[in-house]
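The values are calculated or read from the model by the stated rules, or taken from the named source; none is laboratory data. What you see is a predicted model, and the numbers here were worked out from it, not measured in a lab. Neighbour counts run over all protein chains shown; Cβ positions are idealised from the backbone, glycine included.
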Amino acid sequence: MLFLRRTFPLIIAFVLGSFGAAQYYIPAPWSQATFRDLVYISRIVWTFALFLGMYSLFSLHIGRMRRKQAGWGYSGLVFAAFGITFAAMAWNSGGLLLSPLRPTELDQWFTVRWMYTYVFAPCDATMFSLLAFFIASAAYRTFRARTPEATILLVAAVVLMLGRVPALAMLYDIFVPEFLRTDWLTSLVTDDVRQLTEWLMNVPNLAAKRGLLLGVSLGAIATSLRIIFGIERSYLGGGGD
Amino acid sequence: MSVALRHKTPLMLAIGLSMFWAAPKAQIEADTSVVSRLAGFAVPADLAAMDTPNDAGASITVIWSKAPTAPAKTNYEVLVATEPHGPWFLGGKLAVTGHVLSDEPAAFGWNADSLRHFLNVSEYDVNSDSSVAIEDDRTYHFGLRVVADTDTVVFTALSASAEAEANWFNWAKLNSLILGLAFTAITLIMIGAARKDPNLYIRRVAGLDALDDALGRATEMGKATFFVHGLDGMSSISTIASMNILSQVSKRVAQFGTTLKVMNRDPIVHAVSRETVHEGCIEAGRPDVYKEDDVIFVAPDQFAYAAGVDGMIVREKPAAVLLMGYFYAESLVFAETGAHAGAIQIAGTDSFTQLPFFITICDYTIMGEELYAASAYLSREPKLMGSIKGQDLGKVILLAVLVSGTVLATFGFDMLTRVFTNL
C-alpha cells in the first residue's frame, strides 16, 4: 500500500519527468509522438477528473439545499442551469433527440450556441467589466502618495497614462491658449512624454521583468529537479519526509 | 557524382565536404545561349544536398552558391527527382535576395558564410494540384534552375543527392543541455552539502512568515481560511508550488482546528487538492477535521470561477484569503473582493503581469521564485533547502555571466552572448 501511495508515484514522476526533459532535445518522430500521446493521456485524465469535479460541485449544493442554508435557492439554479444546458446540448449538437421533427422553432433558440451568445458571454463580460471599477479603487489606494515608493509609482503611472492615451494632446489643444504654445511646450506634449513613456516601459520596467523572469526560470528548473529526483514530495501529501 | 550526407558531426565539415563532392552532372544541359542573354548574370557554380540538421526527418536541405550579379526578381527553383535522370519536379523556390547560410546559425553554425543560399525541401509538386512528401531513408536527386523576371529559364548543369533521416539529437540545443546539466549538478551538490550541514541560511520571506499569522487570525476569529488556486493546471510549476504550500497550510489548519476551503478551477488540481488536504489532516493527527466538501470545484471557466469565488468571499467573509498559483485577469477581482471583505490576504504568483495588482492590494505578496521556495522555507527540510541554495548559486553565476557578457559585448566580443543564445 505504501509502495502504491509513495514509491510508485515517485517512480512515475522520475520516469516521465526525465523523459519530458529529454524529449526537448530529441527531434525524432518517436520522441515527439510519445510526448504528444502523453499530452493526450493528460487530456483524458482531465475529462475523467471533470466528473469528479462535477460530483464535488453537486455534492456541495445538495448539502446546502438539504441543510436549507442561507441562499440555498441559488444552489437550485446550479442544477437548473446544468440540466438546461445538458438538454440543449443533447437536442442540437448531440442530435440525439427528435431528429425527424427538425427544423422546429425550438431549434432557433434552444441551442448551446444561443445560450453561449446570449447568456454565458454577457455574464462573462459583466464579470470582466468589473475590472474597470476594481482598477480604479486599487489605483486610488496605491496612488495615495504616503511613501516615497508610492510617490514614484504615482508619478510613473501618470506619465504612462499621459503617454499612452491621446487625452494629453486633446487637453493641450482645448485648454492651452495659442500664445502659450511655445515650441518647448508643444514638443513636451507631443514627443517628450511619449518618449519618456517608452523609456519607462523599455528600461526600468523591462529590467525588473527580466530580473523576475530569471529568478522564476531558475526556480522552475530547481522545482522540476526536486520533483524528478523525489526530493519534493509535498504534492503527494505528508510533507517532505 | 552525388553526395548523401547522413552524419553531420561536425556540421560545418560535412557541409564543406558536400560542397566539394557536388560535381556537375551531365543529364541537365545548361542553355548557354540563354545564359549569355542575361548579361552579367553568373549562374551558381555548385550545388549540395544534405539531410536537414536537427529535425524530425522528411526534409533535405539544398545549398548552392549565391549568384553575385543576378537581375532583380530572379528566382531559384530547386528541382527534385527520385531517379538520377529525372523526371524532375519542383521542390521549392527562393528569390535571389533570399536567405543565406548565416541567417540560420541553428543549422549552419555562427561562422556560416553569407555567400551560399539554402532551401529546406520537405515536399515536391508532382503536378499543379498535388505534392509528395520527402520520405526518410530514400535517395533524392536535386537540380537547380534560375528563372528570370522575363520567364527566361536557365538550367544549371548541377545536381546533388541526399537522404532524409530523423535526428536523435538537436545540436542547436546543445548549449541549453550543457547549462541544464551544469545547473542540475550544482543543485545536487548543494543538496549533498545541505545533508552534511542542515543549518543553511535562507533569507526571510515576509509573505511566508505571515502565513502563520493569517491562520492564527482565522482561528481567533473563528472564521474560515480560503485557499484560491490560480487558473493553470497541474502541469504548471506554480500550481505544483501552490500545492506544496497547501500541504503545509492544511497541516497547520488541521492542528488549529479551523476551517480551510480550497477553491479550484481545474478538475485535476481539484482532485490533487483533495488528496493533499486529506494527507495534511492525517499528518497533523486530525483526520476527523477533513471535510470533502471544503475542497470545492467551482467552475472551469475563468470568470465563472471568479464569480463563484467572489460570491463565497462576500457571503462567508473569511479571515484569511491565500491566492496561490498562476493568475490572469481575475487576480484583481479576487484581491479587491477579499480586501473589501476585510480578510488578511497573502498572494503568491509567478505571473509578472498580475504581480503589481497583488502587491497593491494584498497584505503580503510572495513573488516569483519565492513561491517555488515556499515548501523548503516552511518545512525547513535540509534537502529542499539545499536545492534552494543551488538555485541561488545558479543565480549568482548567471548574474556574473550577465555582467561579463555585457562588458564583452560592449567591446565587440559576442562569444559569451552566443553561448546563451537560444537558437
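Quick one: which helices (runs of 4 or more DSSP H) sit completely within segment A:136-241 and have at least 2 residues that are surrounded by 14 or more Cβ atoms within 10 Å (Cβ to Cβ)?
The qualifying helices (runs of 4 or more DSSP H) are A:148-164, A:167-175, A:193-200, A:206-228.
Of the residues B:Met243, B:Met234, which is within 11 Å of chain A (Cβ to nearest Cβ), out of contact with any strand residue (DSSP E or B) (no Cβ under 8 Å at 6 or more places or on another chain) and at pLDDT below 90?
Going through B:Met243, B:Met234 in turn, the sole match is B:Met234.
Of the numbered conditions (1) within 14 Å of chain B (Cβ to nearest Cβ); (2) farther than 30 Å from A:Ser18 by Cα; (3) touching a helix residue (DSSP H, G or I) at 6+ places or on another chain (Cβ under 9 Å), A:Ala208 satisfies every one except a single condition; which is it?
Failing condition for A:Ala208: (3).
In segment B:185-199, how many are surrounded by fewer than 16 Cβ atoms within 10 Å (Cβ to Cβ) and either closer than 11 Å to B:Leu384 by Cα or in contact with a strand residue (DSSP E or B) (Cβ under 6 Å, 6 or more places away or on another chain) (or both)?
3
Please count how many residues of segment A:41-72 are surrounded by fewer than 11 Cβ atoms within 10 Å (Cβ to Cβ), under 20 Å from B:Asp294 (Cα atoms) and more than 10 Å from chain B (Cβ to nearest Cβ).
3
Here's the yes/no breakdown for (1) touching a helix residue (DSSP H, G or I) at 6+ places or on another chain (Cβ under 6 Å); (2) modelled with pLDDT of 95 or more; (3) assigned by TED's automatic domain parsing to the domain that holds B:Ala206; (4) of a type in the set (S, T, N, Q):
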site: B:Asp293; (1), (2), (3), (4): yes, no, yes, no
site: B:Val298; (1), (2), (3), (4): yes, no, yes, no
site: B:Asp301; (1), (2), (3), (4): no, no, yes, no
site: B:Leu323; (1), (2), (3), (4): yes, yes, yes, no
site: B:Tyr328; (1), (2), (3), (4): no, no, yes, no
site: B:Ala339; (1), (2), (3), (4): yes, no, yes, no
site: B:Gly342; (1), (2), (3), (4): no, no, yes, no
site: B:Asp350; (1), (2), (3), (4): yes, no, yes, no
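Go through B:Ala374, B:Ala409 for me and flag whichever is closer than 21 Å to B:Gly230 by Cβ and more than 8 Å from chain A (Cβ to nearest Cβ).
Among B:Ala374, B:Ala409, only B:Ala374 is closer than 21 Å to B:Gly230 by Cβ and more than 8 Å from chain A (Cβ to nearest Cβ).
Taking segment B:281-301 as the search range and keeping residues that are of a type outside the set (A, V, I, L, M) and more than 8 Å from chain A (Cβ to nearest Cβ), which one is surrounded by the fewest Cβ atoms within 10 Å (Cβ to Cβ)?
Of everything passing the filter in segment B:281-301, B:Asp288 is surrounded by the fewest Cβ atoms within 10 Å (Cβ to Cβ).
Hey, B:Ala304 hits all of (1) within 14 Å of chain A (Cβ to nearest Cβ); (2) crowded, with 19+ Cβ neighbours inside 10 Å; (3) aliphatic (A, V, I, L, M) but one; which does it fall short on?
B:Ala304 satisfies every listed condition except (2).
Go through segment B:246-267 and give me each residue that's out of contact with any Gly (no Cβ under 7 Å at 6 or more places or on another chain) and facing another protein chain (nearest Cβ under 9 Å).
Once the filter is applied, which keeps residues that are out of contact with any Gly (no Cβ under 7 Å at 6 or more places or on another chain) and facing another protein chain (nearest Cβ under 9 Å), segment B:246-267 yields B:Leu246, B:Gln248, B:Asn264.
When segment B:91-129 is examined, which residues are found to be modelled with pLDDT of 90 or more, closer than 30 Å to B:Met415 by Cα and aromatic (Phe, Trp, Tyr)?
Within segment B:91-129, just B:Phe118 meets the criteria.
Mind checking which helices (runs of 4 or more DSSP H) fall wholly inside segment A:65-124 and carry at least 1 residues that are closer than 16 Å to B:Ala304 by Cβ and modelled with pLDDT of 80 or more?
A:72-88, A:112-115
Within the bounds of segment A:6-19, is there any residue that is without any contact (Cβ under 8 Å) to a residue 24 or more places away in the chain, more than 8 Å from every other protein chain (Cβ to nearest Cβ), assigned to a loop (DSSP other than H, G, I, E, B) and exposed (fewer than 15 other Cβ atoms within 10 Å of the Cβ)?
no
For segment B:348-366, which positions are touching a residue at least 40 places away in the same chain (Cβ under 8 Å), within 13 Å of chain A (Cβ to nearest Cβ) and not β-branched (Val, Ile, Thr)?
B:Gly348, B:Asp350, B:Ser351, B:Asp363
Which residue out of B:Gly386, B:Gly338, B:Gly348 is closer than 27 Å to B:Ile189 by Cα and outside any loop (DSSP other than H, G, I, E, B)?
Testing whether each residue is closer than 27 Å to B:Ile189 by Cα and outside any loop (DSSP other than H, G, I, E, B) leaves just B:Gly386.
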